[in-house]
Amino acid sequence: MYTGFYHTHKLAVLLFVLLYLIKTVLLVANQHAALEKLKKFTRIPEMVISGLFLLTGGYLLVKSAEISTLQIIKLVLVFSAIPVAIIGFKKNNKILAVVSLLLITGAYGLAEINKKRAGKIAIPEASLPAEAQNPAAGEEPQAYVAVGKIVYEQACISCHGKNGDACLAGAKNLQVSKLDDAGKIAIIRNGKNTMPAFKNLTDTQVEALVAYVNTLKDRLNK
Ligand code: HEC
């Protein structure tokens, strides 16, 4: 369900930006006849796209893990772009049209930056308690679980929750995950849909995360 809304939202945003890009180019290039034709031709599709854009965006917002400052700026950009675009194209005002396009593109860029940034989290080994730093291979699995818990609380809890079953922002319930360890490592490293790719965690931290995530199934129905 969430994934469907997420992809529909991305598609609607893309179509919306594309349509406004073409309209703005026509306006700026003084192609008034072509612009009027396009406006007429896209009147209904544009209503559908904008409707989907706002509807899916609202759903994603309600389901989101936490609303960051970047997300608030994004919303402000989107909601200021709309009236500017409407007035701009009604009055055929080039400056307003370009401004609205910049606002909407900026909002899209911020959303992408937000996701990249979420995956950039790096946890310096030195910040971990001494006994949890670099548990050597073959050492007590408990040491891995301890490191995993610390990393999990910093990087994963916002979507998966303390017990792994929060399922915010479209996240899957980790208590019932059927993925094997390699599958878990792959999704942590590469991300999927709204899950960011965690590129900066060390191999030890990722392995420790998997060890910790594997303990979450013990909390099922507790
Ligand atoms: C921004 C939200 C978000 C954060 C933060 C996040 N995840 Fe996820 N996670 C997701 C989403 C969404 C999915 C489902 C992806 C899909 O299959 O569409 C997921 C899926 C997973 C899965 C696969 C579950 C399954 O059975 O398919 C694992 C394992 C996982 N996450 C581990 C982690 C770990 C470990 C962290 C911290 C390093 C983390 N996640 C941080 C959103 C998040």
Unmet criterion (only one of (1) touching a residue at least 12 places away in the same chain (Cβ under 8 Å); (2) under 30 Å from C156 (Cβ atoms); (3) part of a helix (DSSP H, G or I)) for V76: (1)
Checking V151 against (1) within 22 Å of S64 (Cα to Cα); (2) surrounded by 15 or more Cβ atoms within 10 Å (Cβ to Cβ); (3) modelled with pLDDT under 90, the condition it does not meet: (3)
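Filter region 176-191 for residues that are more than 21 Å from R117 (Cβ to Cβ), assigned to a helix (DSSP H, G or I), without any contact (Cβ under 8 Å) to a residue 24 or more places away in the chain and near the ligand (Cβ under 10 Å from one of its atoms) and give the result. If you could, list the steps in order and put the result at the bottom.
If we filter region 176-191 for residues that are more than 21 Å from R117 (Cβ to Cβ), which is where we start, we get 176-186.
Pick out the ones that are also assigned to a helix (DSSP H, G or I) and you get 176, 181-186.
Now restrict to residues that are without any contact (Cβ under 8 Å) to a residue 24 or more places away in the chain: 182-183, 186.
Matches in region 176-191: G183, A186.
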All positions within region 189-207 that are crowded, with 19+ Cβ neighbours inside 10 Å and touching a Ser or Thr at 6+ places or on another chain (Cβ under 9 Å): T194
Residues located in region 10-36, provided they are open to solvent by less than 30 Å² (accessible area, probe 1.4 Å), without any contact (Cβ under 8 Å) to a residue 60 or more places away in the chain and closer than 21 Å to G106 by Cβ: A12, L19
Leading residue by the ranking (surrounded by the fewest Cβ atoms within 10 Å (Cβ to Cβ)) among those in region 154-165 that are part of a loop (DSSP other than H, G, I, E, B) and in contact (Cβ under 8 Å) with a residue 40 or more places away in the chain: N163
Complete set of residues in region 79-129 that are open to solvent by 40 Å² or more (accessible area, probe 1.4 Å), β-branched (V, I, T) and not in a loop (DSSP other than H, G, I, E, B): I82, I86, I87, I95, V98, V99, T105, I113
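The values are calculated or read from the model by the stated rules, or taken from the named source; none is laboratory data. Computed from a predicted structure; not experimentally measured. All Cβ positions, glycine included, derive from the backbone under ideal geometry; neighbour counts span all protein chains shown. The protein model used for the area step is the full one, side chains on, heavy atoms only, and it has no ligands, DNA or RNA in it. Shrake-Rupley method; radii C 1.70, N 1.55, O 1.52, S 1.80 Å.
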